[in-house]
Amino acid sequence: MNKSEFTRVYADRLGVTIKEAEQYVTTFIDTVTECLKNGEYVHISGFATFDVKEKAAREGVNPLNNKKKTIPACKSPCVKFSKTYKNFF
């Protein structure tokens, strides 16, 4: 399911137009992204926790030519689903 398909299902469940549902979905994604950029984490009880992890610099190997390359340190978004949510499956 892609974003537009999700938006249609979301609109049907809420009983709103697709345009309104698209605004809700976009606002949610933008809000989570903005919080993560500001160094905050987002915890939605019963669903998931969104956070940013710092990855240290490390050595990697290019599989095409087997040359070693240093991969720089970076920040990476991550999500951890709650036990409650995992139990649905």
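The values are calculated or read from the model by the stated rules, or taken from the named source; none is laboratory data. None of these values were measured; they are calculated from a predicted model. Here the Cβ positions follow ideal geometry from the backbone for every residue, glycine too, while neighbour counts run over all protein chains shown. For the accessible areas, the whole protein counts, side chains as well, though only heavy atoms, and no ligand, DNA or RNA atoms are used. Shrake-Rupley method; radii C 1.70, N 1.55, O 1.52, S 1.80 Å.
Rolling a 1.4 Å probe across the protein heavy atoms gives the chain an accessible surface of 86 Å² per residue. Once C-alpha pairs closer than 8 Å and six or more residues apart are averaged by separation and normalised to the residue number of the chain, the relative contact order reads 21 percent. Once the Cβ-Cβ distance of residue 85 and residue 65 is raised to the sixth power relative to R0 = 35 Å, the FRET efficiency obtained is 0.25. Taking a ≥ b ≥ c as the square roots of the eigenvalues of the Cα gyration tensor, an a/c ratio of 1.5 or more together with a/b larger than b/c marks the chain as prolate. Among the lysines, which have Cα under 22 Å from the Cα of residue 75 when same-chain residues fewer than 8 positions away are ignored? Within the straight-line limit of under 22 Å, residue 75 reaches these lysines: 37, 53, 55. Taking a Cβ cut-off of under 13 Å around residue 58, the surrounding Lys, Arg, Asp and Glu residues balance to a net charge of +1, with basic ones at +1 and acidic ones at -1. Per-residue 3J(HN,Hα) values for region 38-49, derived from phi via the Karplus relation 6.51 cos²θ - 1.76 cosθ + 1.60 with θ = phi - 60°, read 7, x, 8, 10, 10, 10, 10, 4, x, 10, 6, 10 Hz in sequence order (x marks Gly and Pro).
Per-residue extension of 0.36 nm, minus the Cα-Cα distance of residue 54 and residue 34, leaves a gain of 5.5 nm for this segment.
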